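S.K.: Here it is: the structure, laid out below.
The values are calculated or read from the model by the stated rules, or taken from the named source; none is laboratory data. Keep in mind that this is a model prediction, so the values were computed, not measured. All accessible areas refer to the heavy atoms of the entire protein, side chains included, with ligands and DNA or RNA removed. Shrake-Rupley method; radii C 1.70, N 1.55, O 1.52, S 1.80 Å.
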Amino acid sequence: RVLFRSDVNISRLIIRQLDNLKELIESKSLQVHSDIEKDILVQINPFIADALISNLLINAIKHNWENGEISIELIREKLTIKNTGKPPKVSTEKLFERFKKDNQTSDSPGLGLSIVKKICEMSNLDIEYRFIENRHLIRIYF
């Protein structure tokens, strides 16, 4: 099945979603640092792009410390989101599996990263996740 694709301005999408999530960010007293290049266009389904960015940002907020940090860097070839938070208790590969959660007692169904991975596969985007320097790092290559 082929998805409708168009040029989506990822720069504007990230800024809009950060604005929508402002209250959630403030409720955890998070510091957000962003370096977003203007008018980065990606050929992707607009609804899927919205879900991708939403999942990434909500994960960075939800799996963060109180008074933690999120940094977002967007350049033409990639998006990088880093956030403070507990190190994962399962291998980083397993975090992409459906219902695989780092915290089994959380209310989250554990779908976030599996949805992100599926969106990337459907959209021909590469994704990597690492935990380095006490930060979760997700990188999407366009």
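S.K.: Looking at the stretch 42-55, is at least one residue over 16 Å from Ile119 (Cα atoms) and of a type in the set (Val, Ile, Thr)? Before the answer, list the steps.
M.R.: Pass one, the stretch 42-55, residues over 16 Å from Ile119 (Cα atoms): none.
Within the stretch 42-55, not a single residue is over 16 Å from Ile119 (Cα atoms) and of a type in the set (Val, Ile, Thr).
The rows are residues; the columns are (1) open to solvent by less than 30 Å² (accessible area, probe 1.4 Å); (2) more than 18 Å from Ala51 (Cα to Cα); (3) in a loop (DSSP other than H, G, I, E, B); (4) modelled with pLDDT of 85 or more.
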{"site": "Ile115", "(1), (2), (3), (4)": "no, no, no, yes"}
{"site": "Cys120", "(1), (2), (3), (4)": "yes, no, no, yes"}
{"site": "Arg130", "(1), (2), (3), (4)": "no, yes, no, yes"}
{"site": "Ile140", "(1), (2), (3), (4)": "yes, no, no, yes"}
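S.K.: Report those strands (runs of 3 or more DSSP E) wholly inside the stretch 1-84 carrying at least 3 residues which are modelled with pLDDT of 95 or more, open to solvent by 70 Å² or more (accessible area, probe 1.4 Å) and not basic (Lys, Arg).
M.R.: Those strands (runs of 3 or more DSSP E) span 31-36.
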